[in-house]
Structures are given as structure tokens and as C-alpha cells.
Amino acid sequence: NAGAVVGISYPSQEPYTYRGFLWTAGKGMQAIGTLGKDQDSFALAISASGRVVGYASPLSITTQTAFDWSQNQGIQSLRAGNQSVASGINNLGEIVGGYDFEDAFTAFVWTPTLHVQNLNDLIPSDSGWFLDQAIAVNQSGQIVANGEINGQFHAALLTPTN
């Protein structure tokens with residue numbers, strides 16, 4: 001809503017590296033950093049309040065760590081499994097994505113009070129769904145996710161009941 005954009009840059013002075021960025025009309029392109037030395041970062045979503053989510057990954061290893069970035073706090077790991085990706089955030093600080101859980105990539109929601117929750121534990125157990133990635137979350141807490149039902153892959157819209 002504020003005209004800010006997030007994305008991934010490929011700085012020419014640093015071969016084979018990717019850096020997440022935030023762009024605003026007032027400040028231009030601003031690097032959001034990484035979670036450690038010799039890491040890439042990928043900015044995937046931004047809230048209206050300017051918080052950015054995505055993932056960081058060591059340059060030579062195929063692990064991924066979900067992060068939350070803000071102007072005041074900088075980049076912070078969400079600590080969601082050994083592999084994780086944050087792909088959506090709303091202004092309530094609810095973050096969604098996917099993480100490795102019991103040998104499967106699983107959709108999650110992260111909240112400031114409850115931290116990481118497996119979305120499959122929050123839907124009826126007899127629904128037939130297995131959700132593997134949450135993509136976006138709106139201000140009402142509705143979550144768009146990908147998953148499998150009856151052996152077929154589909155998108156799902158999850159609406160909180162309480």
C-alpha cells in the first residue's frame with residue numbers, strides 16, 4: 001500500500017550471490033542483509049507496515065532458513081525446522097510459509113505469541129488435506145496454501161473459526 005517493493009538482486013561485484021532487498025521511492029534499493037557470513041537472502045513478501053519475510057541460504061549448501069526483517073530489528077531467523085521458507089506476512093505479524101517437519105515439507109503459520117504452528121494440526125484431521133506450503137495471509141487471518149487432497153495437488157483457502 002505504501003509503494004514499497006521487495007525482491008532479489010544479483011550484485012555484480014559479488015559473483016554467485018543473491019541479496020534480498022527493499023525498495024522505496026524515498027530510499028531506493030536497500031539490502032536487507034543475511035543471517036550469516038557467506039549466505040544468500042531472498043525477500044519474498046512485505047507487510048503494509050514494512051516488515052519483510054523470505055529465506056536465507058548458505059552459498060554452498062541447500063538448506064534454507066525463514067526470516068523476518070524490520071527496519072528496527074534487522075534480519076531475524078524464525079527458527080522453523082532445519083529447512084524453512086517464509087512467503088507471506090500480514091500487519092498483525094502473522095507469517096506463513098513451509099518447513100521440514102517429520103520428513104515432509106509442511107505448511108506453517110508463525111504468530112508473535114505462539115510462534116511456529118503446523119497448519120496441518122490446525123485443520124480437521126479427517127479433512128483429507130495435507131498442506132505443504134502456505135503462500136499468503138491476509139488481515140483476517142485467512143491463509144492461502146498449497147497441498148494434497150485425495151492424491152491431487154490443489155490450492156486451499158483456510159479461514160479461522162476463532
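The values are calculated or read from the model by the stated rules, or taken from the named source; none is laboratory data. Quantities reported herein were computed from a predicted structural model and do not represent experimental measurements. Using ideal geometry, Cβ is built from the backbone for each residue, glycine included, and neighbour counts are taken over all protein chains shown. To get the accessible areas, we keep the full protein, side chains included, count just its heavy atoms, and leave off ligands, DNA and RNA. Shrake-Rupley method; radii C 1.70, N 1.55, O 1.52, S 1.80 Å.
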*Tell me which residues come under 5 Å, amide H to amide H, from Ser9 once H is placed; ignore anything under 5 positions away on its chain.*
Arg19, Gly20, Phe21
*For the chain, which whole-number percentage of the solvent-accessible area (1.4 Å probe, protein heavy atoms only) is attributable to carbon and sulfur atoms?*
51 percent
_Per residue accessible area of the stretch 110-162, 1.4 Å probe, in Å²_ = 64 Å²
_Below 13 angstrom from the Cβ of Pro112, what's the summed charge of the other residues (Lys, Arg +1; Asp, Glu -1)?_
-1
*asked:* Just to be sure I understand, if you calculate semi-axes √(5λ) of the Cα gyration tensor in Å for this structure, which of (1) 24, 18, 14; (2) 53, 18, 10; (3) 28, 19, 13 do you get?
replied: (3)
*Apply the Karplus parameterisation 6.51 cos²θ - 1.76 cosθ + 1.60, with θ equal to phi minus 60°, to every residue of the stretch 31-44 and state each ³J(HN,Hα) to the nearest whole Hz, in sequence, with x for glycine and proline.*
5, 9, x, 9, 8, x, 5, 6, 10, 8, 9, 10, 8, 10
*Lys and Arg at +1, Asp and Glu at -1: add these up for the other residues within a Cβ distance under 15 Å of Arg79 and post the number.*
-2
*So which residue, out of Arg19, Arg51, Arg79, gets the largest mean-square fluctuation from a GNM of the chain using Cα contacts under 10 Å as springs?*
Arg79
*How much length is gained if the chain between Asn82 and Thr161 is pulled fully straight, taking 0.36 nm per residue apart and subtracting their Cα-Cα distance, in nm to one decimal?*
25.4 nm
*Amide H of Gln64: which non-local residues (sequence gap of 5 or more, or other chain) have their own amide H closer than 5 Å, using H built in the peptide plane?*
Ser84
_Quick one: 3J(HN,Hα) in Hz for the stretch 80-87, Karplus 6.51/-1.76/1.60 with θ = phi - 60°, rounded, Gly and Pro as x._
10, x, 7, 10, 7, 9, 9, 10
_Mean separation of Cα contacts under 8 Å (6+ apart) over length of the chain, as relative contact order %_ = 12 percent
*With every protein chain present, what is the per residue accessible area of the stretch 1-93 (1.4 Å probe, Å²)?*
54 Å²
*Say each of Thr24 and Gln152 gets a label point 7 Å from the Cα, pointing the same way as Cα to Cβ; how far apart are those two points in nm?*
4.6 nm
_Distant-in-sequence amide H partners of Trp129 (H built 1.01 Å from N, under 5 Å)_ = none
_Only four residue types carry charge here, +1 at the Cβ of Lys and Arg and -1 at the Cβ of Asp and Glu. Report the dipole size of the chain about the Cα centre in Debye, rounded to the nearest 20._
680 debye
